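No lab work stands behind these numbers, since they all come straight from the coordinates. Being a predicted model, the structure only gives us computed values, none of them experimental.
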Amino acid sequence: MCEPTTIAIALGAAQAGTTVIGQQQQAKTQAEAQRRASAAERQRYLHEVSSMRIQQGQEQVAAAQKMSESARKAMEARATARVSAGESGVAGLSVDALINDLTRKEAEYSFNVQKQTQMSDVNRQLQLRDSGLGFTNNMLRINKPIEQPNYLGAALGAAQTGLSTYSALK
């Protein structure tokens, strides 16, 4: 039969070994879960930012098309006004006032489209900033420190098990 001291030391060492191995496996599993969650969060963030940028590009194209269409219509309206005035025999300040009024309306419309585009851009910048803060917060939440194996605790637990076993076998 084995001596009680040998049995106590063997049991304590076995407990310490399994405790440390379990802690190492848990840390490895947590690190892998964090790696995957971080990669998924990065992908989510890039998709979100990309979608916002695509939408911004589409809005800028639409604004440019509106302004181009407005300029074309204003030019047509001025030309029509000149021709109509000429055919009617009207000339002078009243025709100039009409042309100037059409030009003013075109400028107001262009200004409003540009102002709306600027406000959309400011709003989008705020959304991008908020998205970046959300990304940072999510990464901090995901990547909490991983508890490493507690060798001292395992050794103390092993000693306690060994002493308990020794006392019971005596």
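See the values below:
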{"read-out": "Against the rule of thumb 2.2 N^0.38 Å, how large the Cα Rg of the chain comes out", "value": "2.48"}
{"read-out": "Cα-only Debye scattering, region 11-68: base-10 log of I(q)/I(0) at q = 0.13, 0.20, 0.28, 0.30 Å⁻¹", "value": "-0.60, -0.80, -0.99, -1.03"}
{"read-out": "For the chain, built as a Gaussian network whose Cα springs stay under 10 Å, the top-fluctuating residue of E76, E147, E87", "value": "E87"}
{"read-out": "Scattering profile of region 35-89 at q = 0.15, 0.21, 0.27, 0.28 Å⁻¹ [log10 I(q)/I(0), Debye over alpha-carbon scatterers]", "value": "-0.64, -0.80, -0.94, -0.96"}
{"read-out": "Cross-link partners of K144 among lysines (Cα-Cα below 30 Å; sequence separation of 8 or more within a chain)", "value": "K28"}
{"read-out": "Under 22 Å from the Cα of K105 - lysines, other chains or at least 8 residues apart", "value": "K66, K73, K115"}
